[in-house]
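Enquirer: First the structure, then my questions, so here it is.
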Amino acid sequence: MNVVPKETLFSWLWRKTHKENLPPPPYHCYYSLLTIISMPIRKWFSAVLIPTIPFSNLRVQCYRWCGYKIGKNTFIGMRCYLDDMCYDKIEIGNNVTISYGVFFACHGRKQGHNKLIIKDGAYIGMNSSIIARSEEGVVIGENVVVGACSLMNKSVADNSIVVGVPAKAINKKE
């Protein structure tokens, strides 16, 4: 399903200054002026300032202010990176624990912005990477434990324990 973005000043300028046989304008031409101004500010907050806040509750609240969907009683450790290009695609459930230095990525080169959902009660170990590389995105089920330094690039069923690079299920929790 192709959705034609709304015309903006930048996309209009692209069309007027380029020949007809060139490719369509890049995606950022369809951003509003307010979005173009606010993106570097939000990036600085979510990538530089917020991960260094020493209080978890304040850190989680600041991520919510940036637009991330984060449930109640969620702990996010210091030095975590939540992808600022797709803050509306990351959903973190209730009672989730995200340890120190976890990396979340929802987009990449020649890849759309994919969903990344962490359901209730999940635990993500230190320095893990969660990468939503497929179009379906990545869903980490309820009560899943992701081992430290694991690379998650596929969805995981509920009550699983996964470890490794790439992460593989080693056990089911009762």
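Enquirer: Name the one entry in 81, 87 that is of a type in the set (Phe, Trp, Tyr), touching a Gly at 6+ places or on another chain (Cβ under 6 Å) and under 22 Å from residue 49 (Cβ atoms). Quick ask: steps written out before the conclusion?
Expert: Details: 81 fails: touching a Gly at 6+ places or on another chain (Cβ under 6 Å).
Criteria check complete, one pass: 87.
Enquirer: Would you pick out the residues in segment 65-85 that are surrounded by fewer than 20 Cβ atoms within 10 Å (Cβ to Cβ) and either among the polar types (S, T, N, Q) or part of a helix (DSSP H, G or I) (or both)?
Expert: 65, 73, 85
Enquirer: Those residues that are assigned to a strand (DSSP E or B), of a type outside the set (S, T, N, Q) and surrounded by fewer than 22 Cβ atoms within 10 Å (Cβ to Cβ), I need them from segment 102-114; list them, please.
Expert: Within segment 102-114, the first condition is being assigned to a strand (DSSP E or B), and the residues that meet it are 103-105, 108, 111.
Going one step further and asking which of them are of a type outside the set (S, T, N, Q), we end up with 103-105, 108.
Passing the criteria: 103, 105, 108.
Enquirer: A further question on this structure: Does segment 126-136 include one or more residues that are closer than 26 Å to residue 57 by Cα, in a strand (DSSP E or B) and either in contact with a Lys or Arg (Cβ under 8 Å, 6 or more places away or on another chain) or touching a residue at least 60 places away in the same chain (Cβ under 8 Å) (or both)?
Expert: no
Enquirer: Six or more apart or on different chains, Cβ atoms under 7 Å: show the pairs whose first residue is in segment 44-63 and closer than 13 Å to residue 82 by Cβ and whose second is in a loop (DSSP other than H, G, I, E, B) and hydrophobic (A, V, I, L, M, F, W, C).
Expert: Pairs that qualify, where the first residue is closer than 13 Å to residue 82 by Cβ and the partner is in a loop (DSSP other than H, G, I, E, B) and hydrophobic (A, V, I, L, M, F, W, C), are 45/66; 46/66; 51/78; 51/80; 59/53; 62/53.
Enquirer: Would a scan of segment 42-53 turn up a residue that is at pLDDT 75 or above and part of a loop (DSSP other than H, G, I, E, B)?
Expert: Applying the first criterion (at pLDDT 75 or above) to segment 42-53 yields 42-53.
Cutting the leftovers down to part of a loop (DSSP other than H, G, I, E, B) gives us 53.
Yes, segment 42-53 contains a residue that is at pLDDT 75 or above and part of a loop (DSSP other than H, G, I, E, B).
Enquirer: Looking at segment 137-162, which of its residues are touching a strand residue (DSSP E or B) at 6+ places or on another chain (Cβ under 6 Å), touching a residue at least 24 places away in the same chain (Cβ under 8 Å) and farther than 16 Å from residue 119 by Cα?
Expert: Passing the criteria: only 150.
Enquirer: Let me ask another. Regarding segment 147-160, can at least one residue be identified that is among the small types (Gly, Ala, Ser), at pLDDT 90 or above, surrounded by fewer than 14 Cβ atoms within 10 Å (Cβ to Cβ) and over 29 Å from residue 39 (Cβ atoms)?
Expert: Of all residues in segment 147-160, those among the small types (Gly, Ala, Ser) come to 147-148, 150, 155, 157, 160.
Remaining after also requiring at pLDDT 90 or above: 147-148, 150, 155, 157, 160.
Then drop every residue that is not surrounded by fewer than 14 Cβ atoms within 10 Å (Cβ to Cβ), which leaves 157.
Filter once more, keeping what is over 29 Å from residue 39 (Cβ atoms): 157.
Yes, because at least one residue in segment 147-160 is among the small types (Gly, Ala, Ser), at pLDDT 90 or above, surrounded by fewer than 14 Cβ atoms within 10 Å (Cβ to Cβ) and over 29 Å from residue 39 (Cβ atoms).
Enquirer: Also, I was wondering about something else. Is it the case that segment 34-54 has a residue that's closer than 22 Å to residue 133 by Cβ and aromatic (Phe, Trp, Tyr)? Talk me through it step by step, then tell me what you get.
Expert: First pass over segment 34-54, keeping only residues closer than 22 Å to residue 133 by Cβ: 43, 46-47.
The next check asks that each one be aromatic (Phe, Trp, Tyr); those that pass are none.
The answer is no; no qualifying residue exists.
Enquirer: Continuing with the same structure: Among the numbered criteria (1) in a strand (DSSP E or B); (2) closer than 19 Å to residue 51 by Cα; (3) aliphatic (A, V, I, L, M), which one does residue 117 miss?
Expert: That leaves (2) as the condition not met.
The values are calculated or read from the model by the stated rules, or taken from the named source; none is laboratory data. All values reported here derive from a predicted model rather than from experimental measurement. Note: ideal-geometry Cβ built from the backbone for every residue, glycine included; neighbour counts use all protein chains shown.
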